[in-house]
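Reading through the structure tokens given below for one structure.
The values are calculated or read from the model by the stated rules, or taken from the named source; none is laboratory data. Keep in mind the model is a prediction, meaning the values are calculated, not measured. Heads up, the Cβs are rebuilt from the backbone with ideal geometry, glycines too, and the neighbour counts pull from every protein chain shown.
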Amino acid sequence: ILRRLEKEPDMEYKFKDELVWDALRSAIVGITTSGITGLDSPTANYSLPEANASIDGILQILNFYKSAISEKNPNAFTELTSLLINAKGYLLQNKNFNKFDRLAFITSYINPFYKKLIETRKETGFAIPAGRQAVNADATSFFSADALNINFYSPPEEYWVTPERVELGKRLFSDPILSGNNTRSCASCHQPAKAFTDGLQKPFALDNKTLLTRNTPTLYNSGYQTTQFYDSRSDILENQLTEVVHNQEEMKGSLKQSVVDLKKSTAYSRLFNAAYPAEKDPLNTYTIANAIASYVRSLQSLNSPFDEYVRGDETKLTKAEKKGFNLFSGKAKCATCHFIPLFNGVVPPFYANTESEVIGVPKTKNKNPAELDDDLGKYLFIQSEIYKHSFKTPTLRNIELTAPYMHNGVFETLEEVMEFYNNGGGKGLHIAPKYQTLPFDKLNLSKKEIKDIISFMKTLTDTTTAKKLY
């Protein structure tokens with residue numbers, strides 16, 4: 001098919017060069033994030049041969065561009081294909097899925113090839129596809145801090161993040177003026193000192209007597225999502241903020257009233273004018289939401305010890321932590337839901353959709369008998385049976401700092417979380433919902449393996465952004 005298309009005249013249906021090169025880049029991301037992790041072949045354990053087949057396909061396509069590449073740089077084609085052939089050789093020499101050293105494969109083979117691919121595309125003069133993409137096609141590593149484009153997950157360009165909006169949003173975030181009784185701010189539950197959580201199983205409602213229904217999630221990297229809330233009912237941070245402010249149990253506020261109240265402040269008026277100079281009326285309900293959302297988008301946590309390691313600093317991980325990553329992305333199957341590099345549910349290689357899962361979380365830690373938590377999750381607003389007890393896959397970045405865990409805060413430690421998964425989730429407790437998406441099989445992880453996985457997860461800790469802001 002490729003050879004036939006090459007000989008045919010340029011028709012509308014023919015692939016454009018920029019699309020082909022972007023597909024090559026996406027294929028490498030796919031091999032790394034869903035190929036060698038087992039996502040594409042969860043039960044057949046055929047992931048490594050499939051990764052090899054993908055590499056063969058990439059080599060075939062690159063061969064079509066040999067002349068174009070060599071014309072600009074005589075050595076580039078050989079350098080590029082040699083890197084990929086070496087990666088293929090490593091896969092052929094290491095065929096055991098559970099023992100495969102994914103970290104070595106990524107750092108020694110994938111990263112150098114990805115960098116060379118981007119450099120060669122630029123040298124050859126091929127453009128990147130038009131339109132916004134989640135992945136920054138010019139980044140020479142998809143583990144770099146700028147690999148993902150925060151603006152992809154944002155409103156139109158006139159409302160993108162600016163320093164002025166972040167400054168304003170930070171101030172509003174900690175101001176109780178948005179709540180109905182002027183006693184609660186966003187920071188009341190999302191506390192910077194606790195990785196923007198509150199450390200509670202469930203937070204108190206506005207009356208400080210009753211409890212809200214779900215655990216407070218971290219706000220780190222929440223800008224890199226296409227859905228918000230545990231039940232994914234909101235698509236963008238601005239809408240999430242609006243819902244929370246108007247929720248009768250959370251803040252019982254009114255953005256319309258907040259506009260009136262904020263306009264009484266000359267300081268706020270000045271900040272809104274600076275942040276939204278093109279607006280006819282800079283202080284309005286949407287700019288309030290956008291300012292806070294801009295601040296939340298600035299809470300990026302992408303410079304952990306793990307990140308530093310995969311970017312080249314081999315001193316950053318211990319032997320146990322490296323083994324933990326390989327288990328996390330292999331035998332333990334964690335990376336088939338918590339996708340690299342965000343370690344949340346945003347799906348590679350395009351990072352344009354956010355997944356939810358049904359895992360069968362218990363109501364309490366009591367096992368005799370265990371009881372399924374009665375929160376129906378996503379089903380509460382999309383009444384399809386498959387969404388009963390479905391919840392968005394959260395990020396694992398900074399997980400060391402965000403206990404307790406799960407949507408209901410039922411587990412106090414990472415050891416408890418790992419025990420739950422090791423036994424097959426709800427199935428292992430005999431409370432599995434009808435449509436549990438978590439594999440029923442036990443993982444058969446040893447205590448040492450669980451310890452190593454937890455050690456790895458703790459290398460995802462990075463609070464440098466908050467330290468700069470506070």
Practice prompt. Would you mention how many residues in the stretch 340-355 are crowded, with 22+ Cβ neighbours inside 10 Å and assigned to a strand (DSSP E or B)?
Written response: 2
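Which one is surrounded by the most Cβ atoms within 10 Å (Cβ to Cβ), of the residues in the stretch 147-192 that are out of contact with any Lys or Arg (no Cβ under 6 Å at 6 or more places or on another chain), of a type in the set (A, V, I, L, M) and in contact (Cβ under 8 Å) with a residue 60 or more places away in the chain?
Within the stretch 147-192, the match that is surrounded by the most Cβ atoms within 10 Å (Cβ to Cβ) is Leu168.
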Worksheet item: When residues of the stretch 221-237 are filtered for being at pLDDT below 95 and either under 14 Å from the mean Cα position of the chain (by Cα) or not assigned by TED's automatic domain parsing to the domain that holds Thr197 (or both), how many remain?
Response: 0
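If I ask for residues that are at pLDDT below 95 and surrounded by fewer than 19 Cβ atoms within 10 Å (Cβ to Cβ), which ones from the stretch 443-465 would you list?
Hits for the stretch 443-465 are Thr464, Thr465.
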Item to complete: State whether the residues of the stretch 315-333 include one that is touching a Pro at 6+ places or on another chain (Cβ under 8 Å) and closer than 21 Å to Asp146 by Cα.
Response: yes
Worksheet item: Based on what the data block shows, is Phe100 buried (at least 20 other Cβ atoms within 10 Å of the Cβ), on the phi < 0 side of the Ramachandran plot and assigned to a helix (DSSP H, G or I)?
Response: no
Fill in: Unmet requirement for Lys115, which otherwise passes all of (1) within 27 Å of Ile69 (Cα to Cα); (2) outside any helix (DSSP H, G or I); (3) among the basic types (Lys, Arg)
(2)
Discussion item. Suppose we keep only residues that are in a loop (DSSP other than H, G, I, E, B) and in contact with a strand residue (DSSP E or B) (Cβ under 8 Å, 6 or more places away or on another chain) within the stretch 226-265. Which one would you say is surrounded by the fewest Cβ atoms within 10 Å (Cβ to Cβ)?
Written reply: Asp235
Response to the item:
Note on the stretch 393-415: residues of a type outside the set (A, V, I, L, M, F, W, C), outside any loop (DSSP other than H, G, I, E, B) and either under 19 Å from the mean Cα position of the chain (by Cα) or under 14 Å from Gly199 (Cα atoms) (or both) are Glu400, Tyr405
Worksheet item: Looking at Glu419, is it closer than 28 Å to Tyr379 by Cα, among the acidic types (Asp, Glu) and either free of Cβ contacts under 8 Å to residues at least 60 places away in the same chain or surrounded by fewer than 20 Cβ atoms within 10 Å (Cβ to Cβ) (or both)?
Response: yes
